[in-house]
Amino acid sequence: MAPVGFEDKVAFVWKVADKLRGTFKQHEYGAVMLPLLVLRRMDAVLAPTRDEVRAKAHEHPEGRPGREAILERAAGHRFYNTSRFTFSTLLSDDKNVAANLRDFVTRLSPAARRVIEAYELDARIERMDRAGLLYAVLADFADLDLRPSVVSNEAMGYIFEELLRKFSEMSNETAGEHYTPREVIRLMVDLLVSGPTAVELQENPVPVRTVYDPAAGTGGMLMTAMARIKELNDKAIVNVAGQELNDETWAIAQSDLMMQDIDPARMRNGNTLTKDAFATEKFDLCFSNPPYGVAWSAYAAAIRDEHERLGHNGRFGAGLPRISDGSLLFLQHMLSHMKPDGSRVGIVLSGSPLFSGQAGSGESEIRRWILENDWLEGIVALPDQMFYNTGISTYVWILTNDKAPEAAGLVRLVDARELGTKMRKSLGDKRKELTSAAIDDIVRLYLGALDESADDVRVKVMAREAFGFQRITVERPLRRRWEVTPEAVAAEPFTAHAGLIGQRFDTEQALLAAAPGLTTAHKKALAKACAIADPDAPVVIGRGGKVEPDPDLRDAENVPLPAGWFELDFEGRLKALEADAEHHLATEIHAYVPDAWIDHTKTKVGVEIPFTRQFYVFTPPRPVAEIATEIKNLETQIQTWTKDLGL
């Protein structure tokens with residue numbers, strides 16, 4: 001539950017932001033207001049120990065070993081400030097407000113200063129100062145009472161989150177890169193912590209849960225997950241961890257942690273895919289909305305090296321997706337952070353990872369690896385137009401390495417595409433939202449999917465083998481005759497055999513016997529030039545007495561995987577594939593091409609999840625007579641109108 005009264009603080013800051021109008025563009029407001037809010041909160045929090053910290057700083061000058069730890073202990077917090085200024089006193093000299101504020105920032109503890117510097121606040125201080133706004137804005141913040149006795153850490157988190165949401169929506173043209181709509185986050189969190197997981201949280205006196213987001217953006221998923229877990233059990237201890245590539249977005253996420261007295265070191269800056277900041281840690285819950293449709297070519301070398309060098313001992317052993325989309329790299333990374341005794345993973349992906357890539361490709365192999373381990377619990381299709389910078393269809397994947405026995409080998413699909421509500425005012429590409437009722441409905445459908453009494457067309461439960469297939473290669477015999485044409489012997493050294501023009505041969509050997517004196521290369525060239533496909537010609541027999549396949553008649557077909565295939569051992573899988581393929585050949589192919597056979601050495605197993613196909617409902621076309629009657633009625637109406645108008 002959100003703390004009472006936090007909306008007043010939000011409204012206050014929102015009103016202050018209005019003073020930036022004309023000097024800053026709307027999408028820049030958050031980059032000014034949020035760091036100032038962080039600074040004001042630190043100012044209020046550090047007030048009781050300010051004098052002691054300054055005294056200790058005088059006793060322990062910069063450069064002395066252990067100085068940071070000493071000053072943190074003196075401050076009683078994870079950060080400190082040795083500046084002689086507060087938000088009130090820096091206003092005492094109205095001619096030097098900018099310099100005073102810079103002193104306030106530069107004398108913060110190193111970690112806190114790095115967070116503020118990541119906002120690139122200095123340049124914005126200069127702009128406000130030149131425009132004559134700085135004093136007025138800081139004076140307003142000085143009046144904002146953010147003392148811990150008035151605003152708890154939890155309330156401060158809500159204030160920060162709400163302002164972040166409002167500023168992100170204001171800058172919706174770019175917000176989608178780092179900001180996930182809160183209703184989508186709530187849905188993901190509810191899907192992961194509802195049902196048996198919620199019961200476990202509620203029954204445990206003091207549950208401890210670790211939550212991780214490898215593409216954390218502004219940290220919204222982590223904070224929402226923490227709040228939801230604490231709603232279920234206010235004694236719960238929630239330890240969060242996240243990593244974010246974008247510097248300013250990372251600063252926002254770190255600020256959010258600092259506002260709630262959470263170690264900001266739990267939010268790391270950097271590229272998750274090339275340098276895992278939490279490589280040795282495992283987590284109970286993993287959430288993410290990674291960038292999709294984004295190429296990973298710029299840092300492909302490090303990823304390929306890990307894939308080839310470490311295999312399944314690394315993060316990307318299952319395979320590498322196409323270079324144009326790294327979504328499935330993030331998914332593999334998250335799965336590598338599951339605890340051996342059970343974790344739950346939720347990730348938002350576009351439609352492409354469901355089916356892109358043919359059998360044997362990196363994408364298909366990643367999906368196959370997931371199904372082989374029976375980690376895919378379910379997928380929920382979201383309405384389109386849910387995100388700020390894209391209107392495409394998106395899907396929430398739920399994975400776990402601790403499936404309930406009744407869910408083993410099964411995957412639940414929930415079609416929530418029609419549950420979106422149109423917004424009164426669009427925000428960029430976001431034109432739909434999920435209401436609380438819709439979220440509850442989706443979670444109900446998901447949790448009840450395995451109930452045999454459930455009967456809802458929006459839900460399907462399928463065996464994991466239903467998403468797999470074997471790609472078989474169907475061969476047909478090569479049938480050729482050889483006829484010497486003028487073109488075949490027009491050049492040297494074939495001109496010596498011009499007397500063969502017009503002659504036909506049933507075998508390649510007979511042709512070459514009639515044209516002696518050629519090198520091996522020239523023999524191949526002549527045979528190729530004279531070969532003519534002929535369905536009535538004899539079958540070509542190659543080396544070892546085997547029938548040669550005709551590459552021009554080669555075909556490929558998909559054959560569904562046998563039931564229970566993933567549970568078989570290696571030999572059993574091979575036998576099952578071959579048996580099913582031969583059955584398909586006998587029942588589906590030989591009726592049309594009786595001389596066809598399957599080359600089992602070329603068979604590949606593929607996995608795709610054609611989600612929309614599972615929920616497609618065929619609507620038959622209207623009867624021709626009905627359409628003809630409608631056309632005739634329209635023609636009659638047109639003739640009547642024409643007559644009435646005197647045309």
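Each reported figure results from applying straightforward, stated rules to the coordinates on display, with no laboratory input. Treat the numbers as computed from the prediction; the structure is a model and nothing was measured. Backbone-built Cβ (ideal geometry, glycine too); neighbour counts: all protein chains shown.
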Practice problem: Take every Cα-Cα distance within the range 285-376, group them into 10 Å bins from 0 onward, and report for each bin the whole-number percent of pairs it holds. | Solution: 16, 53, 29, 1
Exercise. Specify the inter-centroid distance of the range 2-58 and the range 575-647, based on alpha-carbon positions, in whole Å.
Key: 61
Quiz item: Among all stretches of the chain without exposed trypsin sites (Lys or Arg not before Pro) (DSSP loop, at most 12 other Cβ atoms within 10 Å), which one is longest?
Solution: 276-545
Self-check item: Using distinct alpha-carbon pairs, which all enter the 1/r mean, Kirkwood radius of the range 471-531 in Å
Solution: 12.3
Quiz item: For the pair Asn558 and Asp51, how long in nm is the line joining their label points, each one 7 Å along Cα→Cβ?
Solution: 7.6
Exercise. Take the cross-link list Lys523/Lys546; Lys15/Lys235; Lys432/Lys460; Lys19/Lys425 and give me the ones stretching past 30 Å between alpha-carbons.
Key: Lys15/Lys235
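When the expected Rg is taken as 2.2 N^0.38 Å, what fraction or multiple of it is the alpha-carbon Rg of the chain?
1.33
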Quiz item: Which ³J(HN,Hα) values in Hz, rounded to whole numbers, follow from the phi angles of the range 426-439 under the Karplus curve 6.51 cos²θ - 1.76 cosθ + 1.60, where θ = phi - 60° and Gly and Pro get x?
Solution: 6, 10, x, 8, 7, 10, 10, 9, 9, 6, 4, 5, 5, 4
Quiz item: With θ set to phi - 60° and the Karplus curve 6.51 cos²θ - 1.76 cosθ + 1.60, what are the ³J(HN,Hα) couplings of the range 24-31 in order, to the nearest whole Hz, using x for Gly and Pro?
Solution: 10, 7, 4, 5, 9, 4, x, 5
Quiz item: For the range 407-413, what does the Karplus curve 6.51 cos²θ - 1.76 cosθ + 1.60, with θ = phi - 60°, yield as ³J(HN,Hα) per residue in whole Hz, taken in order and with x for Gly and Pro?
Solution: 9, 4, x, 10, 10, 9, 10
Quiz item: What does the convex hull of the Cα atoms of the range 176-467 come to per residue, in Å³, rounded to a whole number?
Solution: 135
Quiz prompt | Relative contact order (%) - criterion: Cα under 8 Å, at least six apart; region: the chain | solution = 10
Self-check item: Estimated inter-spin distance, Ser436 and Arg322, nm [label 7 Å along Cα→Cβ]
Solution: 4.3
Quiz item: Which three semi-axes in whole Å describe the equivalent ellipsoid of the range 226-381, each the square root of 5 times a Cα gyration tensor eigenvalue, listed largest first?
Solution: 28, 19, 15
Practice problem: Give the long-range amide H neighbours of Lys339: residues separated by 5 or more places, or on another chain, with amide H under 5 Å away, using H modelled in the peptide plane at 1.01 Å from N. | Solution: Phe283
Self-check item: Efficiency of FRET between Asp129 and Asp18 - r from beta-carbon atoms, R0 30 angstrom, step 0.05
Solution: 0.95
Quiz item: If amide H atoms are built 1.01 Å from N in the plane of the peptide, which residues on other chains or at least 5 residues away come under 5 Å of the amide H of Val240?
Solution: Val211
Quiz item: How big is the Rg/Rh ratio for the range 1-170, C-alpha atoms only, Rh by Kirkwood, two decimals?
Solution: 0.97
Quiz prompt | Distance (nanometres) between label positions extended 7 Å along Cα→Cβ at Ala302 and Ser92 | solution = 4.8
Quiz item: Given 0.36 nm per residue, what is the gain on full extension from Asp451 to Glu418 after removing their alpha carbon distance, in nm?
Solution: 9.6 nm
Quiz prompt | Span from the the range 389-415 Cα centroid across to the the range 490-520 one, whole angstrom | solution = 64
Quiz item: In square nanometres, what is the average projected area of the Cα convex hull of the range 431-485?
Solution: 10.8
Practice problem: Give the long-range amide H neighbours of Arg481: residues separated by 5 or more places, or on another chain, with amide H under 5 Å away, using H modelled in the peptide plane at 1.01 Å from N. | Solution: Ile532, Asp534
